[in-house]
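All of the numbers you see were taken from the coordinates with simple rules; none came from a lab. Quick caveat, the model's predicted, so the values are computed rather than measured. Note: ideal-geometry Cβ built from the backbone for every residue, glycine included; neighbour counts use all protein chains shown.
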Amino acid sequence: MEISSDEDEDEDEALEKRVRDAAAETLVTWALLPNTADARHRFDDHGSDYLICDVAGRRIRVAQNRARQGELGVTGCCVWDAAVVLARYLEWADDLRVSRTKTQATATVLDAVRGLRCLELGAGCGLAGLAAAALGGLAIGQSSVDMARKNSVKECIRGFKLYSSSVLTLCCIEVTLTDRDETLFLLERNARNFAAEHCQDHRPRRSGKMSAAVGTEATCCSPPCARHLDWSEPLELDHPETPFQVILAADCLYSLEGAAALAAVVNALCCEPESAAFGAKVLLSQELRAPEVLESFLEKVIRAFRVSRLPSPPTLEQAAPCVMLYRLQPRCTH
């Protein structure tokens, strides 16, 4: 489905709040936040070793490292509300795509990830990326790659270079989850567990043919992979044959330094012609904590991206008023 007419554009405007000024957007969203503390932690469960989230008829069981949750400066050990909201938004978009109900959120339909190559930044436990895998996102990547250092993010982001031949034996690894080294072990574990439980149809038989497990669909779930990507480090990334089309980021904004690093990465990935994700849109889900962090991030991306506020998915069991959803569409492709 393509949106090109003035009528469709007007419909998009009515369905979304266009973000044109970073400071004004931050003030509005902060003013709308509820005062009560119970508005947070609607879906997360930091007291458990696992969080369960149902997406597209698949029960995703995500391991957490709650023992490290309280450590200063440690992130990505537990699932937060923003990841659950983003996972449900992807599911809602896919449901609308299947039903083709044009009267319902036309732009949201275009956020369906089925058949697209997806990259999750700051994945933590990886729930958003695993939801994309459950919905049929596509990508190729590797785990535990040795990254060569360069002088700047802009110069070095050029795609994902495959150093491990083992990745080539897998059948179309389709969603790539990324985070820092200290989180990578947990991320890899969740990717392996997801593949073992939901992607049996991609295991090769002894005869060399692909086997389809009972109750699975060979076309709807490809094994995700986890790999190292630290925003604070220069990274060498080669241009893939097919660039990533969707970038996911859930609850990645904690500090001004982190906001600047994330802005630099998405600008380089999405707006550099030879990058790994040139022209890719970014779906960002963020729990609002410090207004200056969100404002700083928006200021750094708003010139290169059309930023839109997205509706909260109506399929949530309860409202998540502290979580905001955004779409960042690169201006360079329009």
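Phi-derived couplings, Karplus 6.51 cos²θ - 1.76 cosθ + 1.60 at θ = phi - 60°, listed residue by residue for segment 300-307: 7, 10, 5, 6, 9, 10, 7, 9 Hz, with x used for Gly and Pro. Remark on GLY122: its backbone amide H falls under 5 Å from those of THR178, a criterion applied only to residues 5 or more positions apart or on other chains, H modelled at 1.01 Å from N. Compute the length gained on full extension between THR333 and ARG61: take 0.36 nm times their separation in residues and subtract their Cα-Cα distance, giving the result in nm to one decimal. So the extension gain works out to 94.2 nm. Net charge in the neighbourhood of GLU188 (other residues with Cβ under 13 Å of its Cβ; Lys, Arg +1, Asp, Glu -1) is +1.
Projected label points at ASN193 and ASP21, each 7 Å from Cα along the beta carbon direction, are separated by 4.6 nanometres.
Relative contact order for segment 256-311: 41 percent, from Cα pairs under 8 Å spaced at least 6 residues apart, divided by residue count. Residues whose amide H falls under 5 Å from that of ASP54, counting only those 5 or more places apart or on a different chain, are ILE60, with hydrogens built in the peptide plane. Put simply, the amide H of LYS281, placed in the peptide plane, has neighbours under 5 Å in ILE247, leaving out anything fewer than 5 places away on its chain. Placing R0 at 45 angstrom, the Cβ-Cβ distance between SER232 and ASP45 gives a FRET efficiency of 0.90 after rounding to 0.05. Across segment 175-190, computed HN-Hα scalar couplings (Karplus, 6.51 cos²θ - 1.76 cosθ + 1.60, θ = phi - 60°) run 10, 10, 9, 10, 6, 6, 4, 5, 9, 5, 4, 5, 5, 5, 4, 5 Hz from first to last residue, x flagging Gly and Pro.
What shape does segment 272-334 have by the C-alpha gyration tensor, where a ≥ b ≥ c are the square roots of the eigenvalues, rounded means a/c under 1.5, and otherwise prolate means a/b greater than b/c and oblate the rest? Verdict is oblate for segment 272-334.
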